[in-house]
């Protein structure tokens, strides 16, 4: 384990798989104290046990980012365990794509709740403490879908555009808190598993023929974290070299 990096308390939402899991693994390896949050606590427990067996400092708690009280309790748990949060990675997200005329309103609402409100809840739960301490780092995960819209992805893309807008607004409103938005290109993940619409599911299979491993995004997040406090890596787009998207 690398203990040369200044150890920070880092909270990661959506940490049970994909980008969240890869980020947790890398940050723990670098010597950070990491608190994992997700709904699938069985996966969190297995991951935490594995990382602790290698000497890592890691804790976990059940987390539903759509509930502000739950996010606040998650942040309070992290503080009681390791101290005030230095960094939060608002990573939790869903992607049940479908054409608008399918009228999957419940899926639209779910994307808005997780992808937008979840980020806002992470900010609301950590920003007051960070401002009081005069330092902190909020990292929000957007997508290349936050830069360009594609068929079946209108609502998903809207949520990711919102993440970019929220991030840049927060960045402009503070001169003490670092704000980073990371926009992954096509990444191997379980997000596509939530697509119920057959047309969108088939299109996504073709779209994902060229994809990055989630560790690539974890490295981008770690890069932003390791910068000095007076350096804010405001935005990163990370996509496969061979991908046209």
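Packing around the peptides 171-178, 212-219, taken as the average count of other Cβ atoms within 10 Å per residue, puts them in this order, highest first: 212-219, 171-178.
Scoring 55-63, 114-122, 97-105 by mean Cβ neighbours within 10 Å over their residues and listing the highest first yields 114-122, 55-63, 97-105. One quarter of the surface of the convex hull around the alpha-carbon atoms of segment 1-139 equals 8.5 nm², the direction-averaged projected area. Would you please state the base-10 log of I(q)/I(0) at q = 0.16, 0.17 1/Å for the chain, with intensities from the Debye formula using one equal scatterer on every alpha carbon? Rounded to two decimals, the profile gives -1.15, -1.30. Computed over segment 9-238, relative contact order equals 21 percent, with contacts defined as Cα pairs under 8 Å that lie 6+ residues apart.
Quick one: check the C-alpha center-to-center distance for segment 80-113 versus segment 117-134, whole angstrom. Their Cα centres are 17 Å away from one another. Axis angle, to the nearest 10 degrees, between helix 154-173 and the longest C-alpha principal axis of the chain: 30 degrees. A convex hull fitted around the alpha carbon atoms of segment 72-125 yields 75 Å³ per residue. Helix 198-207 sits at what angle to the longest principal axis of the chain, using alpha carbons and giving 0 to 90 degrees rounded to 10? Result, in degrees: 60. Within segment 1-131, antiparallel bridges make up roughly 0 percent of the DSSP beta bridges whose residues both belong there. Principal-axis analysis of the Cα atoms of the chain puts helix 214-226 at an angle of about 40° to the longest axis. When the alpha carbon coordinates of segment 38-97 are projected onto the principal axes, the ranges are 39, 26, 17 Å, largest first.
Every number here is computed from the coordinates shown, using simple stated rules; none is lab data. Treat the numbers as computed from the prediction; the structure is a model and nothing was measured. No Cβ is skipped: glycine too gets one built from the backbone with ideal geometry, and neighbour counts run over all protein chains shown.
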